[in-house]
1. Given the condition closer than 30 Å to residue A:29 by Cβ and among the β-branched types (Val, Ile, Thr), answer yes or no: does some residue in the stretch B:289-310 qualify?
2. Can you tell me which of (1) closer than 30 Å to residue A:65 by Cα; (2) open to solvent by less than 20 Å² (accessible area, probe 1.4 Å); (3) of a type outside the set (S, T, N, Q) is the one residue B:237 doesn't meet?
3. Quick check on residue A:21: is it more than 11 Å from chain B (Cβ to nearest Cβ) and either of a type in the set (A, V, I, L, M) or in a helix (DSSP H, G or I) (or both)?
4. Between B:198, B:252, which is within 14 Å of another protein chain (Cβ to nearest Cβ) and part of a helix (DSSP H, G or I)?
5. Taking into account only those residues within the stretch B:107-138 that are free of Cβ contacts under 8 Å to residues at least 12 places away in the same chain and either hydrophobic (A, V, I, L, M, F, W, C) or within 16 Å of the ligand (Cβ to nearest atom) (or both), which is nearest to residue B:250 (Cα to Cα)?
6. Kindly indicate which of B:178, B:168 is facing chain A (nearest Cβ under 10 Å) and in contact with a Gly (Cβ under 8 Å, 6 or more places away or on another chain).
7. Could you please let me know if residue B:325 is touching a Pro at 6+ places or on another chain (Cβ under 7 Å) and either open to solvent by 90 Å² or more (accessible area, probe 1.4 Å) or part of a helix (DSSP H, G or I) (or both)?
Amino acid sequence: MYDAGKIIPGLVIFLCLFTFPFWYNVANGKASQRPELVIDAAEKQCVESKEFMRIMHMDLLNQWRDEVVRNDNRVYLSTDGSKHTMSLSNTCMKCHANRTQFCDQCHDYMGVTPYCWDCHIQPRESK
Amino acid sequence: MNALRSLFESNKKAAITSGVVIVVLLLLWAVGWLSFLCRGIFGVLIPYAALALFLGGIVYRVVQWAKSPEPFRIPTTCGQQKSLPWIKTNRLDCPETGWGVFGRMALEVLFFRSLFRNTKAELKSGPRLVYGSEKYLWLGALAFHWAFLIIVVRHLRFFTEPIPSFVQLLQSLDGFFQIGVPILYMTDLIILAALTYLFLRRVLDPKMRYISLPTDYFPLVLIIGIVLSGMLMRYTPVKADLVGVKELAVGLMSFHPRIPEGIGILFYLHLLMVCVLIAYFPFSKLMHMAGIFLSPTRNMANNNRKIRHVNPWNYPVKVHTYEEWEEEFKDKLKASGYTLEKE
Ligand code: HEM
């Protein structure tokens, strides 16, 4: 092999960079951690099904915001026919009262930083 | 009659093309389902195998390259070599020291400097051959590569727990304009535009189409597929369950693979295409990622006149000097009346 003095360090750097997640997770030892959701359910059923809410809640909230702010419409007609007031603080947070133990669990895990609370007053949490 | 004939021909072509497109789409759909049904294989086995091929393959190829002797210094020079003290030298374009080479390589790797010099030749009426500057390829290539890098680094959020701060910073910069929910990433638009250009460049120009091979289209189309499936997963209701994705990804990275339920078919398709891409990588033109560092015309200092370089494949040549020759044929030479040098 020619120029081993340069090529071998180069290959070592390449391998270190591309295996970053492996040794990073080993070093931190938090690989088995996953979000734990706590909920004080005042209602039995969310405005939509759990499967829908899990992946679509951000789109739903966005739609609610547009309806309320732009169309002055505060009533949401759910797929199951029930009606709900479109309000994050008054409807959602009735059950999902503990932001740190519900919302933040997945958001922190996935590195999502919603900018809702840039403007909205953050609700006080019941301990 | 002729018009009808050509219409018939073009219709036939269109029919074949749309047939191919439909077959490809059906195949993709079937592959998506298959990979979803065999999650253990497509979520664990194939990713590990692809990663091993990727890392091992690249190391193998580079070692193979390093085994072939590097030729005599052959840097391409694009500027004034170091000469008399009052002649200005161009340190980057005719590097004479290791640091000059480093600067030249860094600009090459990070900003594709030599592609920036790309020219085009056109035959104008006359006929007249006209050369001009051609920057679109440089722009498209640079946009594509940087966007790709940023997207891959952003993806580390799926593979690491806790997420490193540079990943967080990168994704907040990428989503700086806070358009829509989930926030639109600028790199997604950039890579899509760049890939479209890079693809059309090969298809629309007859000269480019003529020299383009399946090995040129395959990675391009594969990456387009990866990007489209990724964007569908993020911006449309066929979303993936990201918490599940992260559990799977972190599981792979910590050698405790888990297959959470309900991630979605599209994710498995995305993952499969990524696996195909990285498994194919070491055996394809994509190896230019490593090859750029080993380009002899770029990575050598142009100091031929200052330092003596011995060609590495020179071996001790067995020479037969005139004296030895004369000694060997002394008798015959003498017999023919030849005057020997020795005498
Ligand atoms: C060469 C590697 C890859 C490329 C170029 C790529 C490309 C993309 C792109 C362009 C997107 C759109 C959203 C965004 O930009 O973040 C995306 C989304 C996504 N990718 Fe990849 N991807 C790659 C590898 C992977 C791998 C290995 C995984 C497996 C963990 C993965 C999982 C996902 C998921 C779950 C999404 C949806 C993200 C969201 O909703 O925010 N990707 N990908």
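The values are calculated or read from the model by the stated rules, or taken from the named source; none is laboratory data. Computed from a prediction, not measured in an experiment: that's the story for all the values here. As a convention, Cβ positions derive from the backbone with ideal geometry for all residues, glycine included, and neighbour counts pool all protein chains shown. Note: accessible area is taken over every heavy atom of the protein model, side chains too, but ligands, DNA and RNA are not part of it. Shrake-Rupley method; radii C 1.70, N 1.55, O 1.52, S 1.80 Å.
1. Kept after step one, since they are closer than 30 Å to residue A:29 by Cβ, are these residues of the stretch B:289-310: none.
Within the stretch B:289-310 (the criterion being closer than 30 Å to residue A:29 by Cβ and among the β-branched types (Val, Ile, Thr)), the answer is no, since none of the residues qualifies.
2. (2)
3. Working: more than 11 Å from chain B (Cβ to nearest Cβ): no; either of a type in the set (A, V, I, L, M) or in a helix (DSSP H, G or I) (or both): yes.
Judged against the criteria, residue A:21 is not a match.
4. Details: B:198 fails: within 14 Å of another protein chain (Cβ to nearest Cβ).
Testing whether each residue is within 14 Å of another protein chain (Cβ to nearest Cβ) and part of a helix (DSSP H, G or I) leaves just B:252.
5. Narrowing the stretch B:107-138 to residues free of Cβ contacts under 8 Å to residues at least 12 places away in the same chain: B:110, B:113, B:121-130.
This time we only want the ones that are either hydrophobic (A, V, I, L, M, F, W, C) or within 16 Å of the ligand (Cβ to nearest atom) (or both), so: B:110, B:121, B:123, B:129-130.
Values: B:110: 30, B:121: 51, B:123: 56, B:129: 57, B:130: 56 Å.
So, considering only residues that are free of Cβ contacts under 8 Å to residues at least 12 places away in the same chain and either hydrophobic (A, V, I, L, M, F, W, C) or within 16 Å of the ligand (Cβ to nearest atom) (or both), the one nearest to residue B:250 (Cα to Cα) is B:110.
6. On the way: B:178 fails: in contact with a Gly (Cβ under 8 Å, 6 or more places away or on another chain).
Only one candidate qualifies: B:168.
7. Details: touching a Pro at 6+ places or on another chain (Cβ under 7 Å): no; either open to solvent by 90 Å² or more (accessible area, probe 1.4 Å) or part of a helix (DSSP H, G or I) (or both): yes.
No, not satisfied.
A quick yes/no check of all residues on (1) touching a residue at least 24 places away in the same chain (Cβ under 8 Å); (2) of a type in the set (Lys, Arg); (3) near the ligand (Cβ under 10 Å from one of its atoms):
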{"position": "B:183", "(1), (2), (3)": "no, no, yes"}
{"position": "B:194", "(1), (2), (3)": "yes, no, no"}
{"position": "B:200", "(1), (2), (3)": "no, no, no"}
{"position": "B:230", "(1), (2), (3)": "yes, no, yes"}
{"position": "B:264", "(1), (2), (3)": "yes, no, yes"}
